[in-house]
Amino acid sequence: MHDHHRALIYVMVLVSASDADMTDLELEAIAENVRYLPIFKDFETDRLFAVAGECTKLLDDPNGLNKTLEQIKAWLPPKLCETAYAVACDIAAADATASQEELRLLELLRHKLGVDRLCAAAIERGARARHMRL
């Protein structure tokens with residue numbers, strides 16, 4: 001497994017866990033992203049839950065959020081920062097409502113990853129469109 005895989009999974013778990021309610025829809029969205037996105041083509045999908053568990057364990061640390069964000073930044077090549085923001089938005093949009101905690105985390109991620117405001121707005125709008133329900 002490559003570090004960029006781990007970073008992207010940590011991003012998705014972080015967003016899902018940010019409001020202390022990892023919904024089934026969010027967990028399904030994480031699994032779908034790992035199964036279908038080209039960046040995960042060479043990822044062994046049976047490792048998903050182990051990597052997610054590593055992330056939740058790190059988040060249990062008193063300074064877990066900062067440590068997790070630093071680890072994500074260290075593992076993620078600059079070329080994948082927008083991809084990371086996109087998967088974060090997908091998870092926030094998966095259950096049709098983004099909590100205040102999820103929105104705040106998206107803001108933290110955007111700043112940490114250096115995703116500019118215009119690109120972030122486009123990514124957010126795309127996630128909203130993909131996850132729209134009647």
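Let me check I have the definition right: for the chain, take the eigenvalues of the Cα gyration tensor, multiply each by 5, take square roots. What are those semi-axes in whole Å, largest first? Display every interim value, and only then the final one.
On the way: eigenvalues 74, 56, 51 Å².
The equivalent ellipsoid of the chain has semi-axes of 19, 17, 16 Å.
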Helix-only mean residue ellipticity at 222 nm for the chain, each DSSP H run of n ≥ 4 adding -39500 (n - 2.57), per residue, nearest 500: -22000 deg cm²/dmol
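Mind checking the dipole of the chain: about its Cα centre, +1 per Lys or Arg Cβ, -1 per Asp or Glu Cβ, Debye to the nearest 20? Please report the intermediate quantities before stating the final value.
Values: 16 positive and 22 negative charges, 107 e Å.
For this selection, approximately 520 debye.
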Leading residue at positive end of dipole, the chain (Cβ point charges), from VAL34, ALA17, LEU118: LEU118
Residue pairs, from the table LYS79/LYS112; LYS41/LYS73; LYS41/LYS67, whose Cα atoms sit over 24 Å apart: LYS41/LYS67
Two-site FRET efficiency, LYS67 against GLU32, from Cβ-Cβ distance with R₀ of 22 Å, rounded to 0.05: 0.20
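In percent, what relative contact order does the chain have, based on Cα pairs under 8 Å that are 6 or more apart in sequence?
Details: 135 pairs, mean separation 45.4, N = 134.
Answer for the chain is 34 percent.
Write down Rg/Rh for segment 1-61, rounded to two decimals, with Rg from the C-alpha atoms and Rh from the Kirkwood relation over Cα pairs. Could the numbers behind the result be given before it?
Working: Rg = 11.0 Å, Rh = 11.7 Å.
Here the Rg-to-Rh quotient is 0.94.
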Where labels lie 7 Å past Cα in the beta-carbon direction, separation of THR97 and LEU134 in nm: 2.3 nm
Simple spin-label estimate for THR56 and ASP3 in nanometres, 7 Å along Cα-Cβ: 2.6 nm
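For ARG117 and ASP46, what does the FRET efficiency come to when R0 = 30 Å and r is the distance between their Cβ atoms, rounded to the nearest 0.05?
0.20
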Whole-number D in µm² s⁻¹ for segment 41-111, Kirkwood Cα-pair radius fed into Stokes-Einstein, 37 °C, 0.692 mPa s: 243 µm²/s
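Any read-out appearing in this document is the output of simple, stated calculations on the displayed coordinates, not a laboratory observation. For clarity, every value in this text was computed on a predicted model and none was experimentally measured. Please note: Cβ atoms are built from the backbone with ideal geometry, for glycine as well, and neighbour counts cover all protein chains shown.
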